[in-house]
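Beneath this line is the structure, given in structure tokens, with notes to follow.
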């Protein structure tokens with residue numbers, strides 16, 4: 001799950017010029033090769049191998065660690081590896097700028113799982129009694145308006161072992177698809 005706390009991203013094109021708002025936890029203590037190895041766990045090897053790899057800097061900018069050729073961008077945000085296609089990157093940028101998300105469908109890998117997020121509050125940074133915190137193991141995401149119309153559960157208390165719509169009823173609703181029974 002790359003939710004708001006992970007969405008300090010900009011579209012891969014023009015990354016150096018676009019401000020970022022979040023810092024990759026622990027990335028500043030890793031060598032470039034260790035960082036690349038960690039973010040590559042987000043996607044299948046064939047996808048990760050051809051992806052651009054970016055690292056978030058403390059000042060809000062991004063540094064390109066590796067230039068890719070396949071249209072995916074992989075990064076480590078707050079310790080969570082993720083790889084997103086250009087449409088998913090645009091979707092995340094719209095979320096960060098609180099603007100309408102694009103009508104296009106985006107795809108994101110998080111095969112290393114996540115550390116959890118609210119299933120109802122895109123702004124939540126930690127679990128509370130009422131924000132329906134959910135942790136999803138290895139998964140992929142379909143981002144864009146089609147996700148809310150695909151017939152998957154849209155309940156606040158999602159079963160993270162099965163596909164579900166996160167942030168149902170918001171412009172940022174997206175489909176979470178577990179790819180493993182791991183927690």
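The values are calculated or read from the model by the stated rules, or taken from the named source; none is laboratory data. On a predicted model such as this, the values are computed, not experimentally measured, just so you know. Backbone-built Cβ (ideal geometry, glycine too); neighbour counts: all protein chains shown.
Somewhere in region 116-136, is a residue at negative phi and in a helix (DSSP H, G or I)? So far as region 116-136 goes, no, none of its residues is at negative phi and in a helix (DSSP H, G or I). Checking each residue in region 169-183 for being out of contact with any strand residue (DSSP E or B) (no Cβ under 7 Å at 6 or more places or on another chain) and in contact (Cβ under 8 Å) with a residue 40 or more places away in the chain picks out 170, 171, 172, 180, 181, 182, 183. Of all positions in region 15-30, at least one carries a residue that is loosely packed, with under 14 Cβ neighbours inside 10 Å, at pLDDT 50 or above and on the phi < 0 side of the Ramachandran plot. Here region 104-114 is the region considered, the condition is being in contact with a strand residue (DSSP E or B) (Cβ under 6 Å, 6 or more places away or on another chain) and in a loop (DSSP other than H, G, I, E, B), and the residue that is modelled with the lowest pLDDT is 114.
Residue-wise test of (1) crowded, with 19+ Cβ neighbours inside 10 Å; (2) in contact (Cβ under 8 Å) with a residue 60 or more places away in the chain; (3) in contact with a helix residue (DSSP H, G or I) (Cβ under 6 Å, 6 or more places away or on another chain).
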site	(1), (2), (3)
118	yes, yes, no
130	no, no, no
147	yes, no, no
154	no, no, no
157	no, no, no
160	yes, no, no
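Condition check: surrounded by fewer than 23 Cβ atoms within 10 Å (Cβ to Cβ) and at positive phi. Does residue 71 satisfy that? So residue 71 passes the test. Considering region 93-108, and only residues there that are in contact with a helix residue (DSSP H, G or I) (Cβ under 7 Å, 6 or more places away or on another chain) and surrounded by 15 or more Cβ atoms within 10 Å (Cβ to Cβ), the residue that is nearest to residue 44 (Cα to Cα) turns out to be 108. On the basis of being in a loop (DSSP other than H, G, I, E, B) and touching a strand residue (DSSP E or B) at 6+ places or on another chain (Cβ under 9 Å), does residue 90 make the cut? Taking the combined requirement at face value, the residue does not satisfy it. Among the residues making up region 60-75, those that are in contact with a strand residue (DSSP E or B) (Cβ under 7 Å, 6 or more places away or on another chain) and without any contact (Cβ under 8 Å) to a residue 60 or more places away in the chain are 62, 63, 64, 65, 66, 67, 68, 72, 74. Within region 137-161, the set of residues being closer than 23 Å to residue 90 by Cα, assigned to a loop (DSSP other than H, G, I, E, B) and within 14 Å of the chain's Cα centre (by Cα) comprises 138, 144.
In this structure, does residue 50 turn out to be modelled with pLDDT of 75 or more and in contact with a helix residue (DSSP H, G or I) (Cβ under 9 Å, 6 or more places away or on another chain)? Spelling it out, it is not the case that residue 50 is modelled with pLDDT of 75 or more and in contact with a helix residue (DSSP H, G or I) (Cβ under 9 Å, 6 or more places away or on another chain).
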